[in-house]
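The structure appears right after this line, and notes come after that.
Coordinate-derived values only; no laboratory data. The structure displayed is predicted, hence computed values, not measured ones. Here the Cβ is made from the backbone with ideal geometry for all residues, glycine too, and neighbour counts use every protein chain on show.
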Amino acid sequence: MNTIDALNIFYREDVISDLLKSCFEDSPAFLKQFLAAGNVALNTHTEYTIMNRLGLGKG
């Protein structure tokens, strides 16, 4: 059994979204650079919420 099977991950999108969520939560600097790279305007009063994507899994 590989890690993907053990975690019941069916779609690669689940892996990518979980990785990004972890990066966003663990590093505010990463989040700000990621948003800036996407041309999302940020100011000193910008607030954001990081939410999970609903993963479908295999079962």
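Test of understanding: ordering Leu19, Leu35 by Cβ neighbours within 10 Å, fewest first, what list do you get? If you can, show how the numbers build up before the last one.
Details: Leu19 10, Leu35 15.
Fewest-to-most ranking of Leu19, Leu35: Leu19, Leu35.
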Suppose each label sits 7 Å from its Cα in the direction of the beta carbon; what would the Thr49-Cys23 distance come out to in nanometres? 2.4
In whole Hz, what ³J(HN,Hα) sequence does segment 23-35 give by Karplus (6.51, -1.76, 1.60; θ = phi - 60°), x for Gly and Pro? 5, 5, 6, 7, 9, x, 5, 4, 4, 5, 5, 4, 5
Neighbour net charge for Lys32 - beta-carbon separation under 14 angstrom, K R +1, D E -1: -3
Cα→Cβ-extended label distance, 7 Å offset, between Val40 and Val15, nm: 2.4
